[in-house]
Every structure is written in structure tokens, then in C-alpha cells.
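One structure is given here, and the rest of the page talks about it.
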Amino acid sequence: MIPVARDAYLFLIPLLGIAGALFLLRMPGWGLLPLALAAGVGFFFRDPERVIPQGPGLVVAPADGRVMVVREGVAAEGEGPGPFSQVSIFLSVLDVHVNRAPYGGKVEDLRYRPGRFVVAWRDEASRVNEQAVISLATSDGPITVKQIAGVLARRVVTWIRLGQELKTGERIGLIRFGSRVDLVVPRRVALTVKVGDKVRGGETVVGVFR
């Protein structure tokens, strides 16, 4: 049985309670509806174990989904010093939504930014949407992860705390119901993914520190 993220129980317990009550009242037809919804919630919040790749300088995907942006840029606020490379991953409602640390390091900054809910595949979503910005100080350089809400994803959940030491692939939070995650790394990271690639959080290597 695939485990589910702890946030799922906020939805599963009421739904299963309603289903159980309806079955006890001998209304199985009505009881199947909350039971089906509970199954859908369990599927969405699934949290499978992942095999974290081992090796020096390996940067892994922070989320499941499809790569929709690979670009280089000049550092902006919250993106660390120096030139950077960005990998943006779009998560559909069918993808695993538990996010993971792309690299081992210390949570140097953790900020929540209220904003809009533009569709996640539009480039402006990275700038204007509601998001949590996680800045990691690593032994090889700064890394930033942005958990970005979308049209359906109206809730960004972050499980980590400021100053926490993270291991590569460690769970850091989730985004509910379709979203986007941006990964910002120093440009000296040699990226190994391209637009259109399908990646798995904590498991797919997206770059290597040179």
C-alpha cells in the first residue's frame, strides 16, 4: 500500500466518517460517494518512497512533473548571488505533489509570498503567484526552491523550518491540486534535463555541480 502525506487525513477522516455513517444508516448508495472522494484524496496525497541517487554534486528534481522551462538569468531577489539557471516543473493533478529537497543544505531563508493564481505554466506565475520561497545554503553554493500555487492549487504547505539541515531528497512540503515548482541553481551546475522531460521528485538528477 502506498503511504499518503499527513495532510491527507484532514480530508480522509471526515469523508470516511460520513461514508461509515451512511452505511450504518443503510444508505450504501449515498455512502459510495464520500468513499469515492476519499479514494481520490488518497491518490492525490500519495507519498511513495524514492531511491535518492548518491554521488558528489548531484542535484535532484524537487517535484514530480514535466519540465516546462530551462533558462539562464541574472540573480534577482531570493535567487542567490551571481548568474543562475532555472528549471521549472509543472505538476498536473495526477502527479505526486510531495516536494523534496534538491540538494543537502541548511534552510537559510523561508518566506511566504501572497499573490495571484495565474495558470502555473505561464511564465509570469513564477513572479506573481502565491508561493513559498525556500533558500538553501549548501557546501557548493546557494539553491532556491519556489513552491508556486496555480489555478487549482490554492494551498502551499511547507513542512520545514528556518535553520533546519536537509538531506538531498528529504521531504519539504506539498502543493494541493496542480501547481509549479521552480528550482534556481548557480550557473556552474551543468543541467541534465530539457523542456518536455518527465521527472520524479527526489529521484531524477536534473543537474551536477561542476
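If you go through the range 162-183 and keep only what is in a loop (DSSP other than H, G, I, E, B), farther than 21 Å from Pro53 by Cα and small (Gly, Ala, Ser), you end up with Gly163, Gly178.
Does Val69 count as in contact (Cβ under 8 Å) with a residue 12 or more places away in the chain, surrounded by 21 or more Cβ atoms within 10 Å (Cβ to Cβ), among the β-branched types (Val, Ile, Thr) and in contact with a strand residue (DSSP E or B) (Cβ under 6 Å, 6 or more places away or on another chain)? Against the criterion (in contact (Cβ under 8 Å) with a residue 12 or more places away in the chain, surrounded by 21 or more Cβ atoms within 10 Å (Cβ to Cβ), among the β-branched types (Val, Ile, Thr) and in contact with a strand residue (DSSP E or B) (Cβ under 6 Å, 6 or more places away or on another chain)), Val69 does not qualify. Between Val145, Val156, the distinction of being surrounded by 15 or more Cβ atoms within 10 Å (Cβ to Cβ), within 21 Å of Ala8 (Cβ to Cβ) and within 13 Å of the chain's Cα centre (by Cα) belongs to Val156 only. Which residues, counting only those in the range 31-55, are loosely packed, with under 15 Cβ neighbours inside 10 Å and assigned to a helix (DSSP H, G or I)? Within the range 31-55, Leu32, Leu33, Ala36, Ala39, Gly40, Phe43 qualify.
Applying a threshold of 7 Å to beta carbon distances and a minimum spacing of six or more residues, or different chains, the list of pairs starting in the range 83-110 at a residue that is touching a residue at least 12 places away in the same chain (Cβ under 8 Å) and assigned to a loop (DSSP other than H, G, I, E, B) and ending at one that is crowded, with 24+ Cβ neighbours inside 10 Å and acidic (Asp, Glu) reads Asp95/Asp64; Val96/Asp64. Please find, within the range 160-210, the residue that is surrounded by the most Cβ atoms within 10 Å (Cβ to Cβ) out of those that are closer than 14 Å to Arg100 by Cα and acidic (Asp, Glu). Only one residue fits best here, namely Asp182. For Thr138, the requirement of being touching a Gly at 6+ places or on another chain (Cβ under 7 Å), in contact (Cβ under 8 Å) with a residue 24 or more places away in the chain and either under 21 Å from Asp95 (Cα atoms) or polar (S, T, N, Q) (or both) is met.
Readers should treat all values here as calculations from the given coordinates under stated rules, not as data from a laboratory. What you see is a predicted model; the values in this text were computed from it and never measured. Ideal geometry is used to build each Cβ from the backbone, glycine not excepted, and the neighbour counts take in all protein chains shown.
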